[in-house]
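Just below is one structure, and these are the notes that go with it.
The values are calculated or read from the model by the stated rules, or taken from the named source; none is laboratory data. Keep in mind that this is a model prediction, so the values were computed, not measured. Cβ placement follows ideal geometry from the backbone for every residue including glycine, while neighbour counts extend to all protein chains displayed. Ligands, DNA and RNA are excluded from the accessible area calculation, which covers all protein heavy atoms including side chains. Shrake-Rupley method; radii C 1.70, N 1.55, O 1.52, S 1.80 Å.
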Amino acid sequence: MKKKGSRGAFFTPGRTVAAGVMALALSYGMMIADAKAPEDNEMQSNPIRAETVSEENIRTGKNCEIVQTMGFSSCGHSVTRRIEAPEALKNQKFEEIQAHYSLWQIESFQEDRVVMQREIMLYCPMHKVLTVNDAGRIVLSENLYGDGMAVIHSYDRWLQEFDEESRAQLLLGIGFDTQEEAEGWLGAH
């Protein structure tokens, strides 16, 4: 039986997935940290560009995997996804992949794997965000797409009802772990 005010189990399905993603990201980071340091006479600036400049014939292969890490600046979290390279991007050079993923920073370019990252000025999919729609109505949004928010609930509250500080917060978006927490904030303001 749950105690009054208890939030339930810590490992909800969403948190379990997030913990798995974070564990993968951490293990990937540890692999990079264990990598051999370059010799003094090797290029040390950007090994990816150095590799592609000196190896102009490297192309993505037929089984190329694209690893994308999205960092979310609003909450500080990151999410990594792995996808098979689309057919149109197989057998392509670095410049062609970079042109297709122009919003991304390519960290590694190999025949079987392209690793890239991008910083996004949003909350990650683990948060519910109170904000304002174009009409001035208070809405609850969620990051369902990775790089875009979707309205999941509208309230009969309007921006002009709030004090100046709360309006400023709502215009930026206020992140919460749950819809109940967001609605609690609304009830207190």
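Worth pointing out:
- Candidate set from region 166-180 (those that are touching a helix residue (DSSP H, G or I) at 6+ places or on another chain (Cβ under 8 Å) and in contact (Cβ under 8 Å) with a residue 24 or more places away in the chain); member that is most open to solvent (accessible area, probe 1.4 Å): L171
- Just one of the numbered conditions (1) open to solvent by 90 Å² or more (accessible area, probe 1.4 Å); (2) outside any strand (DSSP E or B) is not true of G184: (1).
Let's see how each residue does on (1) of a type outside the set (A, V, I, L, M, F, W, C); (2) in contact with a Leu (Cβ under 9 Å, 6 or more places away or on another chain):
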{"residue": "L103", "(1), (2)": "no, no"}
{"residue": "F109", "(1), (2)": "no, no"}
{"residue": "V115", "(1), (2)": "no, no"}
{"residue": "V132", "(1), (2)": "no, yes"}
{"residue": "R137", "(1), (2)": "yes, yes"}
{"residue": "E161", "(1), (2)": "yes, no"}
{"residue": "Q169", "(1), (2)": "yes, yes"}
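- Residue ranges of strands (runs of 3 or more DSSP E) in region 95-165 with at least 3 members of a type in the set (D, E, K, R), out of contact with any helix residue (DSSP H, G or I) (no Cβ under 7 Å at 6 or more places or on another chain) and surrounded by fewer than 18 Cβ atoms within 10 Å (Cβ to Cβ): 113-120
- Qualifying residues in region 125-145 (those that are of a type in the set (S, T, N, Q) and within 19 Å of H77 (Cα to Cα)) - the one modelled with the lowest pLDDT: N143
- All of D177, D147, D112, D156 fail the test of being acidic (D, E) and farther than 27 Å from Q68 by Cα, apart from D156.
- Filter result (under 20 Å from the mean Cα position of the chain (by Cα), among the charged types (D, E, K, R) and open to solvent by less than 50 Å² (accessible area, probe 1.4 Å)) within region 62-94: E65
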